[in-house]
Amino acid sequence: MGGRLPRPVPHPRRGEHGDQGPLRGRGDRNPVPAARPAHPLGGRDSPATRSAPASRGVRTRGRLADLTRGISVESYLTAEISAAALRHNLKALRRRLAPGVKLCVAAKANCYGHGLELVLDVLGEQADVLGVATPEEAVSLRHRGFRKPILLFFSACAYGEGAELRDALAQLVANDVWLTLTAPAEVRLVAEAARHVNAQALVHVKVDSGMGRSGVPAAQAAALAERVRAEPSLELVGLYTHFAVADAADKAYTLGQFACFRAAVESCGGRRGLLLHAANSAAAIDLPETHLGMVRPGIAVYGYQPSDEMHVRLPLQPCLRLTGRLMQVRPMPAGSRCGYGLRHTFQRDSRVGLVPVGYADGYLRCLTNKSVMRVRGQLVPARGTISMDQTIVDLTDVPAAAVGDEVEIVSPDPADPHSVENLARLAGTIPYEITCRLGDRVRRRLVESFAPRRP
């Protein structure tokens, strides 16, 4: 069940963004206000939106403000997000597209953990559309002043029930959010919401072409499209599908999915007047024949290869660098053990440091005794079990290391052993999980580019 959504935000007038074909708004709405109001979900302190102004014009999130004295206390952890890297990746992806192909950037899950509020303006420079997963994410974008189209990937009809669902759908329609439909029962619910706000809902039908996750079965797509077209309060503006294994070296299954989707499009009366889209990051890079009218990259926007099996490897630049500081340094005699379960034994007299990061911050427990960090330009191994919010590192080979020294926990250099991609390999997972798990206690800070590494 979802929470209560805010009141609708008016959408810009038709034509405000030039001739974008299906990328259109309403002619009877006023433009979105320029100011970005408080969090749209009625005052809840959302991790995706909490922020405080920083000195020297840098925006941050994750500060603890002392309102009585006007001071702010920084977080132990800082995630620097590079605007230059983000722009580079967007331009690299844009260069893969033929003229006229739209770019829909996946901004769900707080922009894959990078911080929606920080990067929204940068994304808006290149993106034609932003894609989100939840109604809260969609309406939050409107409240932040984003005027271009927004595609809601999930069916909003699963958001709640009764009055709660009617209110959510009505607000999404009033905010000109493109809604995804996957089943006939959803048509009536969205149509009723559209009539309630005296508007026409813009909808995309999602077709399951072989992933077996969400979408109407391909054989039933025509019937669903016909039902949508029969409702005066609905306008079918797009058809789309999602690929299951586009990041694999063997593209046969993906091309089969694409053929299935194209057949479904024809069964719906063809592509005329519709925005068709199928390509995720991997297909946007490797399979230009699947680009259609729009592509929907996600992980590649933030600087990470979709997989190691890609045919084309774009020169993407990771956008994230995570740092903390040593908060304790102490000796450990040879033979002593450390951490929960005493899972590491020191073979020599050693010095260790304590870094304020753990699995509550997204630094996975399964990295225990596997990962490294960087202190004073040198790689240092993590020792013992990674705790909820503390990790021990071996500083024996960095004798000058002291309390307060910066610790690079995640490097933006893909070649480093503590890069997002290499940490994902150590953890047996994917880069998506490493960035998306970045916790609320981490202060995110937008920088133009990463500072040169200090020796």
Legend entry - residue 131 vs. criteria buried (at least 21 other Cβ atoms within 10 Å of the Cβ) and either of a type outside the set (Phe, Trp, Tyr) or more than 19 Å from the chain's Cα centre (by Cα) (or both): yes
Inset, instruction - Can you work out which of the residues in segment 317-350 that are closer than 18 Å to residue 379 by Cβ and hydroxyl-bearing (Ser, Thr, Tyr) is surrounded by the fewest Cβ atoms within 10 Å (Cβ to Cβ)? - result: 350
Inset, instruction - Being within 16 Å of the chain's Cα centre (by Cα), touching a residue at least 40 places away in the same chain (Cβ under 8 Å), over 28 Å from residue 229 (Cβ atoms) and not in a loop (DSSP other than H, G, I, E, B) is the filter here, so list the residues in segment 282-317 that pass it. - result: 299, 300, 301, 302
Inset, instruction - Taking only segment 134-160 into account, find how many residues are surrounded by fewer than 21 Cβ atoms within 10 Å (Cβ to Cβ) and either of a type in the set (Asp, Glu) or in contact with a Lys or Arg (Cβ under 6 Å, 6 or more places away or on another chain) (or both). - result: 2
Inset, instruction - Say whether the condition of being assigned to a helix (DSSP H, G or I) and either aliphatic (A, V, I, L, M) or assigned by TED's automatic domain parsing to the domain that holds residue 139 (or both) is met by at least one residue in segment 195-206. - result: yes
Legend entry - Options 271, 262, 229: the member that is more than 22 Å from residue 154 (Cβ to Cβ), in the same structural domain as residue 173 (by TED's automatic domain parsing) and buried (at least 16 other Cβ atoms within 10 Å of the Cβ): 262
Legend entry - Condition check for residue 278: assigned to a helix (DSSP H, G or I) and of a type in the set (Gly, Ala, Ser): no
Inset, instruction - Could you tell me which numbered condition residue 217 fails, if it satisfies all but one of (1) surrounded by fewer than 17 Cβ atoms within 10 Å (Cβ to Cβ); (2) at positive phi? - result: (2)
Legend entry - Unique residue being of a type in the set (A, V, I, L, M, F, W, C) and closer than 22 Å to residue 443 by Cα when the list is 357, 380: 357
Legend entry - Matching strands (runs of 3 or more DSSP E) fully within segment 351-455 where at least 1 residues are in contact with a helix residue (DSSP H, G or I) (Cβ under 6 Å, 6 or more places away or on another chain), free of Cβ contacts under 8 Å to residues at least 12 places away in the same chain and crowded, with 21+ Cβ neighbours inside 10 Å: none
Inset, instruction - Test each condition in (1) under 25 Å from the mean Cα position of the chain (by Cα); (2) touching a residue at least 12 places away in the same chain (Cβ under 8 Å) for residue 187 and report the one that comes out false. - result: (1)
Legend entry - residue 317 within 24 Å of residue 286 (Cα to Cα), of a type outside the set (A, V, I, L, M, F, W, C) and in contact with a strand residue (DSSP E or B) (Cβ under 9 Å, 6 or more places away or on another chain): yes
Legend entry - Of the criteria (1) more than 29 Å from the chain's Cα centre (by Cα); (2) modelled with pLDDT of 95 or more, which one residue 272 fails: (2)
Inset, instruction - Can you confirm whether segment 234-252 contains a residue that is part of a helix (DSSP H, G or I), in contact (Cβ under 8 Å) with a residue 12 or more places away in the chain and polar (S, T, N, Q)? - result: no
Inset, instruction - Answer with yes or no whether residue 154 is within 22 Å of residue 94 (Cα to Cα), in the same structural domain as residue 180 (by TED's automatic domain parsing) and part of a loop (DSSP other than H, G, I, E, B). - result: no
Legend entry - Given (1) among the aliphatic types (A, V, I, L, M); (2) surrounded by fewer than 24 Cβ atoms within 10 Å (Cβ to Cβ); (3) in contact (Cβ under 8 Å) with a residue 12 or more places away in the chain; (4) in a helix (DSSP H, G or I), number of the condition residue 163 does not satisfy: (3)
Inset, instruction - State which residue is surrounded by the most Cβ atoms within 10 Å (Cβ to Cβ) when the search covers only segment 112-123 and only residues that are touching a residue at least 24 places away in the same chain (Cβ under 8 Å) and farther than 19 Å from residue 281 by Cβ. - result: 115
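The values are calculated or read from the model by the stated rules, or taken from the named source; none is laboratory data. It should be emphasised that the depicted structure is a prediction, and the values quoted were computed from it without experimental measurement. Note that each Cβ is placed from the backbone with ideal geometry, even for glycine, and that neighbours are counted across all protein chains shown.
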